[in-house]
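See below for the structure under consideration.
The values are calculated or read from the model by the stated rules, or taken from the named source; none is laboratory data. Keep in mind the model is a prediction, meaning the values are calculated, not measured. Every residue, glycine as well, gets a Cβ built from its backbone with ideal geometry; the counts of neighbours run over all protein chains shown.
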Amino acid sequence: MSDNTITRIMIETAFVGAGNMASAIVRGMLNKGFCTASELACTSARDGTGEKLSAATGVALFDSLEEMLRAAPGIRSVVLAIKPQQFAQLPDSVAELTRGKLIISILAGMPISRLVARFPHAANIVRAMPNTPGQIGAGITAYASNVPLAADRLSDVEGILGSMGPVLTVEEGQLDAVTALSGSGPAYVFAFVEALRDGGIAEGLSPDVAFRLAMHTVLGSALLLEKSGEDPAELRRKVTSPNGTTQAALEKMASLDLHGTVKAGIRAARLRSEELARG
Ligand SMILES: NC(=O)c1ccc[n+]([C@@H]2O[C@H](COP(=O)([O-])OP(=O)(O)OC[C@H]3O[C@@H](n4cnc5c(N)ncnc54)[C@H](OP(=O)(O)O)[C@@H]3O)[C@@H](O)[C@H]2O)c1
């Protein structure tokens, strides 16, 4: 038996797509010691992402999902990390080849019903919504499963998705709200950093100083929120002395309905997510 054959037999987790998200998960799984590179494989399309990921991490590379599943029948889990519009390109043969396997999809807006139609014999189908900080292991992922996960499958799901940060379960019907909050949320935080920076510049700071102050204020506040375990409202009150500068700012922001604006944004994102899922 060649070394190549031995490697293929050991493969447990297959990635369809080797772009930003697949690379983040692979790197996270390896960094956290959840598995070794010989237990992972990937496939990509034509832009060289698979070659790059394979060269950088040592995971096996195949020309297609079909070839990967035929060469390594011991694969337990298949992670779908292609763009939603690329899903239709998966050949019908994958239905039989994924019999008894765990399918984890991170495709935004792809309902479990469509995944079940393509992978009808899979043991479990998991639909997950990660977010971009997952690329540095600082994300959060919520997922829903079509049927309850047995203990060993649960540990596979948590090992794979947990490589990007904490993982929590929700009903599938809540994934549009999850998308609107944590999926799109990093963009809201970046927009807030931009606003803080621009506010500082408007009050006379240089762009560089304003940016560093804005970024570290958001970073430090988030860390304090996590480490203190306190409610954000309590931490906000602790910074706000009566009749002080913070109170002046917060009253002005409240008069312009900051809270309502953010809630309305999240509502708009949820509605758009539902609309996109309908196709
Ligand atoms: N970015 C996020 O924060 C985020 C959050 C939640 C969910 N998602 C979801 O994550 C998924 C992946 O996003 P991404 O940012 O990682 O995309 P990406 O960087 O564009 O990666 C897509 C990958 O799929 C490969 N591919 C395309 N068609 C294929 C096929 N038929 N068979 C096998 N591989 C194929 C591409 O290969 P080539 O490059 O070689 O063409 C590439 O490796 C999307 O569905 C997105 O909705 C992303």
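Structure values in brief
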read-out: Top-ranked residue of segment 44-56 - restricted to ones that are surrounded by fewer than 17 Cβ atoms within 10 Å (Cβ to Cβ) and not aliphatic (A, V, I, L, M), ranked as farthest from residue 92 (Cα to Cα); value: 52
read-out: Which numbered condition residue 22 fails, given (1) assigned to a helix (DSSP H, G or I); (2) touching a Phe, Trp or Tyr at 6+ places or on another chain (Cβ under 6 Å); (3) more than 13 Å from the ligand (Cβ to nearest atom); value: (3)
read-out: Residues located in segment 118-133, provided they are within 10 Å of the ligand (Cβ to nearest atom), more than 17 Å from residue 144 (Cβ to Cβ) and of a type outside the set (Val, Ile, Thr); value: 133
read-out: Neighbours by Cβ (under 7 Å, 6+ apart or cross-chain): first from segment 23-50, touching a residue at least 24 places away in the same chain (Cβ under 8 Å); second of a type in the set (Asp, Glu) and not in a helix (DSSP H, G or I); value: 35/12; 39/12; 43/63
read-out: Segment 249-263, subset surrounded by fewer than 11 Cβ atoms within 10 Å (Cβ to Cβ) and of a type in the set (Gly, Ala, Ser), residue nearest to residue 232 (Cα to Cα); value: 260
read-out: Failed criterion for residue 44 (all others in (1) touching an Asp or Glu at 6+ places or on another chain (Cβ under 9 Å); (2) closer than 23 Å to residue 96 by Cβ; (3) more than 14 Å from the ligand (Cβ to nearest atom) hold); value: (3)
read-out: Matching entry among 207, 130 (being outside the structural domain of residue 27 (by TED's automatic domain parsing) and at pLDDT 95 or above); value: 207
read-out: Selection count where residues are of a type outside the set (Asp, Glu) and surrounded by fewer than 20 Cβ atoms within 10 Å (Cβ to Cβ), scope segment 73-93; value: 13
read-out: Hits in segment 133-149 (condition: crowded, with 21+ Cβ neighbours inside 10 Å and at pLDDT below 95); value: 134
read-out: Residues that are more than 9 Å from the ligand (Cβ to nearest atom), among the polar types (S, T, N, Q) and assigned to a helix (DSSP H, G or I), drawn from segment 57-99; value: 57
read-out: Neighbours by Cβ (under 8 Å, 6+ apart or cross-chain): first from segment 152-181, free of Cβ contacts under 8 Å to residues at least 40 places away in the same chain; second in a helix (DSSP H, G or I) and of a type outside the set (Asp, Glu); value: 165/133; 165/134; 167/157; 167/161; 170/178
read-out: Condition met for residue 109 (in contact with a Pro (Cβ under 7 Å, 6 or more places away or on another chain) and at positive phi); value: yes
